[in-house]
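The next block holds one structure in the form of structure tokens; read it before the comments.
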């Protein structure tokens, strides 16, 4: 299965156009959140992305809520929004959890969850799935410009317990485009440019 991975496009129509172009050569597109910017611009971004005709998995970032993303994606038949939920595509299970985990310092506009809330949202994650999260797991592709690790312990524990085939995330811009291993699972901080990946 050939995948196109992205995150954190934050209303960039140029990035949207490039992702639409790249999507023609893959089986599934995965967007790991932050399509809008501070709860704005989501509809315009989705309008540009809905030219993608391949099956597309999306999770909300901390810049948009699940409800906002689901509403914006209405009528985009190939897109599926996941948040504490899963779907099977081409015989492979996908599971997704969005939002900022743990809670960010950004204030009320940020769509955030505590580690305890994240543990509940991740509780039905199946074994050997493709896990899509906006926030990275603790200790992998989660290093900020200040050198701090901002990942989620709940996501890390889920990876160690459920052994996903792949974990796709974003959120920490400084780690965009990088990947690391937790156990047998590769974790990719996708970033806005679009990364091709095969499983």
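A short reminder: the numbers here are calculations on the coordinates, not readings from a lab. The shown structure was predicted, so the numbers you read here are calculated from the model rather than taken from an experiment. A quick note on method: Cβ atoms are made from the backbone with ideal geometry, for glycine too, and the neighbour counts reach across all protein chains shown.
Quickly run through the stretch 19-44 and pick out the residues that are closer than 23 Å to residue 136 by Cβ, out of contact with any strand residue (DSSP E or B) (no Cβ under 7 Å at 6 or more places or on another chain) and surrounded by fewer than 24 Cβ atoms within 10 Å (Cβ to Cβ).
Across the stretch 19-44, the qualifying residues are 37, 38, 39, 42.
If you go through the stretch 164-181 one residue at a time, do you hit one that is touching a helix residue (DSSP H, G or I) at 6+ places or on another chain (Cβ under 8 Å), surrounded by fewer than 20 Cβ atoms within 10 Å (Cβ to Cβ), under 22 Å from residue 6 (Cα atoms) and touching a residue at least 24 places away in the same chain (Cβ under 8 Å)?
No, the conditions are met nowhere in the stretch 164-181.
For residues in the stretch 45-57 being within 28 Å of residue 106 (Cα to Cα) and free of Cβ contacts under 8 Å to residues at least 60 places away in the same chain, which is surrounded by the most Cβ atoms within 10 Å (Cβ to Cβ)?
Filtering the stretch 45-57 for residues that are within 28 Å of residue 106 (Cα to Cα) and free of Cβ contacts under 8 Å to residues at least 60 places away in the same chain, the one surrounded by the most Cβ atoms within 10 Å (Cβ to Cβ) comes out as 49.
Go through the stretch 5-24 and report how many residues are without any contact (Cβ under 8 Å) to a residue 60 or more places away in the chain and either assigned to a helix (DSSP H, G or I) or out of contact with any helix residue (DSSP H, G or I) (no Cβ under 9 Å at 6 or more places or on another chain) (or both).
Taking the stretch 5-24 first, the residues without any contact (Cβ under 8 Å) to a residue 60 or more places away in the chain are 11, 13-14, 16-17, 20-21, 23-24.
Adding the requirement that they be either assigned to a helix (DSSP H, G or I) or out of contact with any helix residue (DSSP H, G or I) (no Cβ under 9 Å at 6 or more places or on another chain) (or both) leaves 13-14, 16-17, 20-21, 23-24.
The qualifying residues number 8.
Quick one: in the stretch 68-121, which of the residues that are farther than 30 Å from residue 54 by Cα and touching a helix residue (DSSP H, G or I) at 6+ places or on another chain (Cβ under 6 Å) is surrounded by the fewest Cβ atoms within 10 Å (Cβ to Cβ)?
If we take residues in the stretch 68-121 being farther than 30 Å from residue 54 by Cα and touching a helix residue (DSSP H, G or I) at 6+ places or on another chain (Cβ under 6 Å), then 115 is surrounded by the fewest Cβ atoms within 10 Å (Cβ to Cβ).
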